[in-house]
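A.B. asks: Can you keep this structure in mind? I'll have questions shortly.
The numbers here are math on the coordinates, done by the rules we state, and not lab data. This one's a predicted model, so the numbers in the text were calculated from it and none came from an experiment. Backbone-built Cβ (ideal geometry, glycine too); neighbour counts: all protein chains shown.
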Amino acid sequence: MSLPTLDDLGDAAGSRVLVRADLNVPLDAGRVADDFRIRATLPTLRELLERGAAVVAASHLGRPKGAVREELRMRPVATRLGELLEREVGYHPAGGCLDDEVRARVGRLAPGEVFLLENLRFDPGEEANDEGFAAALAGLADAYVDDAFGAVHRAHASVDALPRRFRAEGRPAVAGRLLQREVEVLGRLREEPDRPYVAILGGAKVSDKLATIGALVERVDALLIGGAMAFTFLATEGAEVGRTLIEPERFDDVREARRRAGERGVLIELPADAVAAPEASGETRWRTVPAREIPRDLMALDIGPRTVEEYARIVADARTVLWNGPMGVFELEPFSAGTRGLATAIAGAPAFSVAGGGDTLAAIARAGLADAFDHLSTGGGASLEFLEGRDLPGIRALEA
Ligand code: ADP
Ligand code: MG
């Protein structure tokens, strides 16, 4: 299987190219609050414009569930995209995501011009992977480029039915530079990582990442666990976890993952100490306690300093590091040191470093360490599903 890219697009000069990007950014008071995802797709857009194409960009934004929601219109995204591209980005607040005015304006686009469609999910056909909706989108352009890595795990019209339609009609449907890089980097982690390969998983729930744990146990040399999920692991050993958020219904899954890790000789590391408090609040009184002896009235909300030191030591010897999920409730200052400490350790390690997950990336950005990572994946769920070896509809639809 090979993924066609912009190198396979041929002469783009004078053509109209529909770029499905992932411009699903957080908004605040009608402005883009974080433009990481918009920036990530700029290389693709700039290359197409330089090659003389006109670009019709499209994305979903939030979860409007097939209806127009005023607060989820793409206008703030069009504004920010225009600033970043340093050129005007056409936009028309259509009733759905397409109307006659949109078709007319797209039809008049000249080489080097950009038009951004309205939120794809305003149309129920998007999430339904509807052929009719895909046909309407296909009518807007000569070629299709998918740069929306964050959406390739969904069988939605703009990433599945649409590229299949282009290909069935003998028209190009290829991956943009961002999607290409994600597949290259994550593919390397999946198929042939430099060893030792160390993965660090955190976040609130084992349930969210059960499939990931199972897949990683088959591939990594060491798995370091943090976040609340570490305490579900510890609880299976009979540790005292106090009021920490754990999932007893996952004990069997955790035991199975540990059994398999033992069989493969994979090291599973759990916290030695924790920062615990009566509640997850910035004002609360907290203290550092042994991770296996959380006092009855407290909950573990971060990994402790000894754990950070131990995890940092393992990371320092790794040649590949994958990180998904914060080590604690990093949003609150008293419980942010574990996540920050680990981010610092990875950033300073010689390993090839990859991080993914919305909260993880936010924590890395907050620590000012984004540039120190080799790759920050724009897809949270998509990156995990890719690493699990799952077949992703948006990638399958492009593969020759
Ligand atoms: P990502 O978005 O990077 O994939 P997740 O969404 O899986 O990460 O997990 C992040 C969330 O987990 C954060 O909101 C964080 O506050 C929470 N979390 C981490 N550790 C704990 C803990 N010990 N107790 C409660 N919540 C936690
Ligand atoms: Mg999250």
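A.B. asks: Relative to the Cα centre, what is the charge dipole magnitude of the chain, using +1 at the beta carbon of each Lys and Arg, -1 at the beta carbon of each Asp and Glu, and rounding to the nearest 20 debye?
C.D. replies: On the way: 49 positive and 64 negative charges, 5 e Å.
With only Lys, Arg, Asp and Glu charged at Cβ, the dipole is about 20 debye.
A.B. asks: Restricting to DSSP H runs of at least four residues, report the calculated mean residue ellipticity at 222 nm for the chain, -39500 (n - 2.57) per run over all residues, nearest 500 deg cm²/dmol. Walk me through the intermediate numbers first.
C.D. replies: Numbers: 16 runs with 142 residues, N = 400.
Computed ellipticity for the chain at 222 nm equals -10000 deg cm²/dmol.
A.B. asks: For the chain, compute Rg over Rh where Rg is the Cα radius of gyration and Rh is the Kirkwood radius from the inverse mean 1/r over Cα pairs. Write down the numbers at each step before the final one.
C.D. replies: Working: Rg = 22.7 Å, Rh = 22.3 Å.
Rg/Rh for the chain comes to 1.02.
A.B. asks: Another one. Explain nothing, just the number: dipole magnitude of the stretch 19-115 about its Cα centre with +1 on each Lys and Arg Cβ and -1 on each Asp and Glu Cβ, in debye rounded to the nearest 20.
C.D. replies: On the way: 16 positive and 15 negative charges, 46 e Å.
The dipole magnitude comes to about 220 debye.
A.B. asks: Still on this structure, I have one more. Report the label-to-label distance for S207 and R105 in nanometres (one decimal), using points 7 Å from each Cα along the Cα→Cβ vector.
C.D. replies: With each label placed 7 Å out from Cα toward Cβ, I get 4.3 nm.
A.B. asks: While we're here: Once label points are set 7 Å from the Cα along Cα→Cβ at both D391 and K65, what is their separation, rounded to one decimal in nm?
C.D. replies: Modelled inter-label distance: 3.1 nm.
A.B. asks: While we're on this one: Given H placed on each backbone N at 1.01 Å, which residues far from N129 in sequence or on other chains put an amide H within less than 5 Å of it?
C.D. replies: A157
A.B. asks: Could you list the trypsin sites (Lys or Arg not before Pro) in the stretch 279-361 that lie in coil according to DSSP, counting only those with at most 12 other Cβ atoms within 10 Å of their Cβ? Intermediate values should be presented prior to the final figure.
C.D. replies: Details: sites: R285, R287, R292, R296, R306, R313, R319, R340; in loops: R285, R292, R296, R319.
Here the trypsin sites (Lys or Arg not before Pro) that fit, given the DSSP loop and packing criteria, are R285, R296.
A.B. asks: Top mean-square fluctuation among A168, A367, A134, Gaussian network model of the chain, C-alpha springs under 10 Å?
C.D. replies: A168
A.B. asks: Right, here's the next one. Rounded, prolate or oblate: pick one for the stretch 106-258, where a ≥ b ≥ c are the square roots of the eigenvalues of its C-alpha gyration tensor, a/c under 1.5 means rounded, and failing that, prolate if a/b is larger than b/c, else oblate.
C.D. replies: Values: a/c = 3.22, a/b = 2.24, b/c = 1.44.
Since a/c reaches 1.5 and a/b is larger than b/c, the shape of the stretch 106-258 is classed as prolate.
A.B. asks: Please work out the FRET efficiency for the pair T284 and A365, using the Cβ-Cβ distance as r and a Förster radius of 22 Å; give the result to the nearest 0.05.
C.D. replies: Working: r = 25 Å, r/R0 = 1.15.
So, using R0 = 22 Å, E works out to roughly 0.30.
A.B. asks: Just to be sure I understand: if I project the alpha-carbon convex hull of the stretch 10-162 onto a plane and average over all orientations, what area do I get in nm²? Don't jump to the answer; show the numbers that get you there.
C.D. replies: Details: hull surface 31.6 nm².
Averaging across all directions leaves 7.9 nm² for the Cα convex hull.
A.B. asks: Right, next: Place a point 7 Å from Cα of E83 in the direction of its Cβ. Which residues in the stretch 360-400 have their backbone N less than 13 Å from it?
C.D. replies: No residues fall inside that zone.
A.B. asks: What Kirkwood hydrodynamic radius do you get for the stretch 110-193 when you take the inverse of the mean 1/r over all pairs of distinct Cα atoms, in Å?
C.D. replies: Details: mean 1/r = 0.0717 Å⁻¹.
One over the average 1/r among Cα pairs gives 14.0 Å for the stretch 110-193.
A.B. asks: Hey, got a sec? Which GluC sites (Glu not before Pro) in the stretch 240-340 land in a DSSP loop and have at most 14 other Cβ atoms within 10 Å?
C.D. replies: Working: sites: E240, E249, E256, E263, E269, E279, E283, E293, E309, E310, E331; in loops: E279, E283, E331.
Counting only loop positions with at most 14 other Cβ atoms within 10 Å, the GluC sites (Glu not before Pro) in the stretch 240-340 are E279, E283.
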